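The values are calculated or read from the model by the stated rules, or taken from the named source; none is laboratory data. Please read all numbers here as calculations on a predicted model, not as lab measurements. Cβ: placed from backbone, ideal geometry, glycine included. Neighbour counts: every protein chain shown. Please note that ligands, DNA and RNA were not included when accessible areas were found on the heavy atoms of the full protein model with its side chains. Shrake-Rupley method; radii C 1.70, N 1.55, O 1.52, S 1.80 Å.
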Amino acid sequence: MSSYRSQNGTIPAPLELRDIAIQLGDGSKRILVRSASGVVSGGESVGILGKSGSGKTSLLSVLGLMSRPVSGELLLSGKPTSRLNDAELARRRNQDIGFVFQNYSLISHLSVFENVALPCSYGKPMSKKQTMEAVAEQLQAVGLAGFEKRRPRSLSGGEQQRVAIARALVRSPQIVLADEPTGALDSATGLQVLEHLYSATRRAGACLVVVTHDEDIAQAMDQTWTLCDSELRHEAKGSR
Ligand SMILES: Nc1ncnc2c1ncn2[C@@H]1O[C@H](COP(=O)(O)OP(=O)(O)OP(=O)(O)O)[C@@H](O)[C@H]1O
Ligand SMILES: [Mg+2]
């Protein structure tokens, strides 16, 4: 099991992929990813690059326990996940993972506050006071204090994306997975949002995996992985 030194001794990495293969779930049996391996330690970030259609979102959905690989093992904090049933997977997902979807996936009939607060009621619910504080902190951090009562459709694409980021971080998850989180943003706002994701996860000792088309962003992460011809390649780089 891969592990790293923490202040409290040696603890397992939040995310570890062992020879993961991903197949399209449409009956075609097309292999999207052949054998992906990697370890993401607490506080570490990964940028994933790859052409459109190369399987980045599919890989992220496996890392986020939303779909299963056809072979290999995904370990969360050292614990294998392949034998968990759907209910157990959902529990781990709610507890450990914050997800920023490529298309934001905000719920249109809920307010900004209610959207960000959604994960607070999953699994072991947070108290009302904790929820109010956590939502206020996250909205402040993405520059959307005062937007609590607005509906998603009244927001710009970039504002919706920032709501999605606030929602992903509201429960301080151990793993944050973000699919093109800066796609809808101008480059200055995109950089700000990314700095926020990066520093918030690092401060919390969580790991961050970001899918991006932007090579500079991917290179700025601690690790850079590229999906090409169904293989996940790791770029060698020195320490930051
Ligand atoms: N449910 C599905 N049914 C059929 N094909 C699918 C399905 N989901 C994904 N695919 C196909 O699998 C391939 C990988 O899709 P995926 O969304 O993972 O790519 P991606 O790298 O995230 O692309 P993009 O950069 O455009 O977001 C694509 O060819 C896509 O058409
Ligand atoms: Mg995608």
Quick one: which of ALA36, ALA117 is touching a helix residue (DSSP H, G or I) at 6+ places or on another chain (Cβ under 8 Å) and under 30 Å from GLU148 (Cβ atoms)? ALA117
Can you confirm whether segment 1-14 contains a residue that is within 15 Å of ligand 1 (Cβ to nearest atom), open to solvent by 20 Å² or more (accessible area, probe 1.4 Å) and in contact (Cβ under 8 Å) with a residue 12 or more places away in the chain? no
What do you reckon, is LEU227 modelled with pLDDT of 95 or more and not hydroxyl-bearing (Ser, Thr, Tyr)? yes
What do you reckon, is GLU44 touching a residue at least 12 places away in the same chain (Cβ under 8 Å) and touching a Cys at 6+ places or on another chain (Cβ under 8 Å)? yes
Just to be sure, is ARG167 in a helix (DSSP H, G or I) and farther than 22 Å from ASN115 by Cα? no
Which numbered condition LYS237 misses (of (1) over 23 Å from ILE22 (Cβ atoms); (2) within 16 Å of ligand 2 (Cβ to nearest atom); (3) of a type outside the set (Asp, Glu); (4) part of a loop (DSSP other than H, G, I, E, B)): (2)
Those residues of segment 95-130 which are open to solvent by less than 40 Å² (accessible area, probe 1.4 Å) and over 27 Å from THR212 (Cα atoms), in sequence order: LEU110, SER111, CYS120
Would you be able to say whether some residue in segment 86-94 is open to solvent by 10 Å² or more (accessible area, probe 1.4 Å) and touching a strand residue (DSSP E or B) at 6+ places or on another chain (Cβ under 7 Å)? yes
Can you find a residue in segment 175-188 that is modelled with pLDDT of 90 or more and farther than 19 Å from ASN115 by Cα? yes
Answer yes if at least one residue in segment 154-164 is crowded, with 19+ Cβ neighbours inside 10 Å and either in contact with a Cys (Cβ under 7 Å, 6 or more places away or on another chain) or of a type in the set (Asp, Glu) (or both), and no otherwise. yes
Note on segment 38-67: residues away from ligand 1 (no atom under 14 Å from the Cβ) and charged (D, E, K, R) are GLU44
Condition check: of a type in the set (Ser, Thr, Tyr), in contact (Cβ under 8 Å) with a residue 40 or more places away in the chain and more than 16 Å from ligand 2 (Cβ to nearest atom). Does SER54 satisfy that? no
Residue check: is LEU227 touching a Ser or Thr at 6+ places or on another chain (Cβ under 9 Å), part of a strand (DSSP E or B) and either among the acidic types (Asp, Glu) or open to solvent by 10 Å² or more (accessible area, probe 1.4 Å) (or both)? no
Pull up segment 198-224, narrow it to residues that are more than 16 Å from ligand 2 (Cβ to nearest atom) and part of a loop (DSSP other than H, G, I, E, B), then point me to the one that is surrounded by the fewest Cβ atoms within 10 Å (Cβ to Cβ). GLY205
Being basic (Lys, Arg) and either within 16 Å of ligand 2 (Cβ to nearest atom) or more than 19 Å from ASP179 (Cβ to Cβ) (or both) is the filter; apply it to segment 67-91 and report the residue that is farthest from the chain's Cα centre (by Cα). ARG83
Report, by residue number, each residue of segment 170-197 that is more than 18 Å from the chain's Cα centre (by Cα) and either surrounded by 22 or more Cβ atoms within 10 Å (Cβ to Cβ) or in a helix (DSSP H, G or I) (or both). SER187, ALA188, THR189
